[in-house]
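The structure appears right after this line, and notes come after that.
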Amino acid sequence: MGSASVGSASVGSASVGGPAGRASVGSAAVGGAPVGSARVGAASVPPVGGRASVARAAVRPVPPGGPGGPGGPGGPGGPGGPGGSGPGRGGGRSKADKKHRRANILTAMAAVLVIMLGVGIVGGTYFFDDVELPTPQAEEQMNVIRDVKGNVLAKEGSPRINVPYQNISDVMKNAVAAAEDKNFYDHNGIDMKGIARAAWNNFTGGSKQGASTITQQYARHVADLKEISYSRKLREAVIARKLESKYDKDQIMGMYLNYIDLGEGRYGAEAAANGYFNASVVKGAKNEINVYQAAVLASIIKQPYPNDAHQGYDPNYNLEEAKGRWEYTLDNMLKMGWMTQEQYDKRAYPKVNKPSKGATCKTCADGKPVGMIMRHVKFELRELGISEEELQKGGYTITTTINPKVQKAAEQAGSRLSKSSPLYKRPKGYQSAVIGIDPDTGQVLGYYAGDDPNGTDYGSYMAGDGSGIVDYGGQSPGSTFKIYTLAAGLKENISFKTTWDGSKLRPNGTKISNAGAEDSNVCQGKIKYCDLETSTVKSYNFPFYWIANNIGRDKVIAAARDAGIRYMWTDGKDSHPGGEMVDLTKTNAAKWKSGGYFDNEVAFGQYRVVPLEHAQGVATIVNGGVRHDAHFIKTVKKRDSNTGKEATVKTENLKGKKVFDAAQMSNLLGVMSEIPKSQDHRISDGRQSVAKSGTWEFKKGNGDTWYVGGIPQMAVTVWVGGAGNKVQLKEADGGKMFGSGTPAAIWEEFIETVVDELKWDKEEFPDRIETGDPDSEYANGQEPPPPPPVQTEDPNQNQVCEQFPVLCQGQGGQQPDQGQQPGQGQQPGQGQQPGQGQQPGQGQGQGQGQGQGNAEAPATQESD
């Protein structure tokens, strides 16, 4: 084995049994001294890092329970001894058996001596130099996710709370030492008796056992040593010695207390103190743990969970023996001077919290609709640069943007399970999404996207693991997409006073549906020169088609992208039956305009989009053209493992980006403010609101219905459609559902509840500034006929007319009450009918600037 030196001293000469010969350990002869009196000489170990040395370590190689000892062969309780179970005195062993037994004993004794000498050498020479000291890592701990008010939404990861060693209560540290290793502060990390006992049992086939020092227990954990054998004990001892050389006692105790399992799924002393006593092991905390509580926790360590052999020491499962172990711990604390006689005399077993049954966190999101946001939190953490590995280590506190009152209002307005929802008791196949965003910050205040947090996210189609939006998501936004067409048109200096010809056919000869109305009823009979403002309020399609055609549909798509739409799906095709998911931020006009992608019908919402992204776009317009990216995370904090203090590592980006002109947006908002009035969806307290409805047909009914807009403090997007597969949506009275029906009622209910709960002041949008050129080159309205001549009041003429009315027909302007009659405009239920819109294959043909992407489009077009 080579000539090893121990410091500057050598291990003296010792023999094992004389005649057995001479075994050498390094240069130390194992010679003439009798077994039991051998001593590792006064070897001074050079301190590592200026710390402990091992000196004058007496080697007593007879293990507990050895020959003649309690529990050993021939000893009380041992084989062959009084009370023993094996053959012994008076037993009937053969000579061969006895010889074999003596050989085993001698082998074990020799091995124990060598091991013990080796352990002595470990202290000075780091026996087994190849055993590296694993770097202790901060224990994985819990991540806590909260709403904006601080309520806990979720606790994820290991149920552990790390506390820096210097902040841990002395009472807790002393109690653990008393229960597990009362000589912890005096020894050098190694339990020689425990090593010998493991070696003896390993050679004799006895039970394997641990019985290690606190340092050895932590060494076993940090090195992931699981088997119980003398070889593990040696490696454990080596690592323990290295730990003792590198760290002081308080550091080792702190690392141990943060890792230890204390039953009921509570890892670390802090989590256990919280769970069993609502206390804390943090020194100086208001609810700092007391000596009696600390002794309870320390007593659990020996066996935290019941098994077939023993019920353990958790007081909730084995109170009698838990109390006995508690008395043992307190007795040691008294003997070691870690508690006073007075404290000991006044001891009383503390009341322990019962194990939690089911969910005890009333605000937690598990199983509730708000749980859907967890996937968005995971997604945003990745986007912020926090890896999955870092997240698993735990210690993060994530504060979301979710306002509990807004969230509750969204759920109550949108869920068909809620009695206050307009969807209450509607068919199970109906589903809604309700999203409220602060337009000034992009914070998602409330998010309802389904009742099952583990099911489909109807608000954004985010994957359950937060990896991103799935490639089969989205819904057709219908006329709500017109807000982006208008933003693009206003940017091209188009005025709301421009007029448009609704009788003009597409370049391929097909008619553009005007919300299912007859030409004579469109725009009060002015279909050939209908102004853009009326068309917006009444939701006629033809001006929007021609805006996209004349300025370029790529500019409409770009406006949607700038507002917040990232993904848009094409119609289904052979390569993508469900449509191709196109990332608008990574593609350009050339692709958008190419065959099989997006036609002019994009102007009124044919192509599917993500509701959350649409909600962000709506918020951009509500905010006067400044976009704040919609987000769920407000702040991310992480606990410093050295100081125990939380530090903010990530925070929301509140810097907005101006994407549209403020004056043009005031113009758009001014028009949108007329829509709630015209559809009788004013907010009840009279505050100003803006809105746009939208519907997309499916088969003989409507499959997607929307209502978007909001008030200055909150942009709101509501979608109602099918849960899973599309369905033909009906109102409670059996009529077709339109965006101005149930979705608008949900929108209104949601806003009014939030306003009432949060006591928001009445705010107004900026005054409207009319922009654009009424004579824009892009407009195609025909010249209106000249107005009839103004008739002067002539009493004689009136008398003639009274006598001969036929002579006066056609004179004068429109008479009162002769405007648009009920049924002549777009009334609920009078939307686009099947067969009246663009039929499959009727898109603008190739060579005319428009692809054939809507060959797979629904049989009819938008109708609200």
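The values are calculated or read from the model by the stated rules, or taken from the named source; none is laboratory data. These numbers were taken from a predicted model, which means no experiment stands behind them. Glycine gets a Cβ as well: all are built from the backbone with ideal geometry, and neighbour counts include every protein chain shown. Ligands, DNA and RNA are stripped out before the accessible areas are found, and what is left, the full protein with its side chains, is counted by its heavy atoms. Shrake-Rupley method; radii C 1.70, N 1.55, O 1.52, S 1.80 Å.
Worth a mention:
- Condition check for ASP640: surrounded by fewer than 23 Cβ atoms within 10 Å (Cβ to Cβ) and modelled with pLDDT under 95: yes
- Candidates GLY263, GLY284 - the one that is in a loop (DSSP other than H, G, I, E, B), at pLDDT below 95 and open to solvent by less than 10 Å² (accessible area, probe 1.4 Å): GLY263
- Within the stretch 361-381, not a single residue is part of a helix (DSSP H, G or I), free of Cβ contacts under 8 Å to residues at least 24 places away in the same chain and more than 30 Å from VAL622 (Cβ to Cβ).
- Members of the stretch 290-330 that are surrounded by fewer than 22 Cβ atoms within 10 Å (Cβ to Cβ) and of a type in the set (S, T, N, Q): ASN290, GLN303, ASN307, GLN311, ASN316, ASN318
- Given (1) touching a Gly at 6+ places or on another chain (Cβ under 6 Å); (2) within 22 Å of GLU764 (Cα to Cα), number of the condition ASP704 does not satisfy: (2)
- Once the stretch 488-522 is narrowed to residues that are open to solvent by 50 Å² or more (accessible area, probe 1.4 Å) and part of a helix (DSSP H, G or I), the residue that is farthest from PHE738 (Cα to Cα) is LYS491.
- Hits in the stretch 302-339 - residues which are polar (S, T, N, Q) and over 18 Å from LYS182 (Cα atoms): ASN307, GLN311, ASN316, ASN318
- Single condition PRO743 does not satisfy, out of (1) of a type outside the set (D, E, K, R); (2) farther than 30 Å from ILE402 by Cβ; (3) under 35 Å from the mean Cα position of the chain (by Cα): (2)
- Residue in the stretch 541-555 that is open to solvent by 20 Å² or more (accessible area, probe 1.4 Å), of a type outside the set (Val, Ile, Thr) and closer than 23 Å to THR620 by Cα present: yes
- Residues located in the stretch 736-785, provided they are farther than 30 Å from ASN493 by Cα, in a loop (DSSP other than H, G, I, E, B) and open to solvent by 30 Å² or more (accessible area, probe 1.4 Å): LYS759, TRP760, ASP761, LYS762
- Hits in the stretch 662-686 (condition: surrounded by 17 or more Cβ atoms within 10 Å (Cβ to Cβ) and not hydrophobic (A, V, I, L, M, F, W, C)): GLN664, SER666, ASN667, GLY670, SER673, PRO676, GLN679, HIS681
- Residues of the stretch 653-708 that are more than 18 Å from LEU486 (Cα to Cα), in contact with an Asp or Glu (Cβ under 7 Å, 6 or more places away or on another chain) and of a type in the set (Gly, Ala, Ser): SER684, GLY703.
- Of all residues in the stretch 332-370, those being at pLDDT below 90 and open to solvent by less than 50 Å² (accessible area, probe 1.4 Å) number 4.
- Within the stretch 554-575, being part of a loop (DSSP other than H, G, I, E, B) and either closer than 16 Å to GLY478 by Cβ or of a type outside the set (Asp, Glu) (or both) holds for GLY564, ILE565, ARG566, THR570, ASP571, GLY572, LYS573, SER575.
- Any hit, the stretch 700-720, residues being in contact with a Pro (Cβ under 9 Å, 6 or more places away or on another chain), open to solvent by 10 Å² or more (accessible area, probe 1.4 Å) and under 26 Å from ASN403 (Cα atoms): yes
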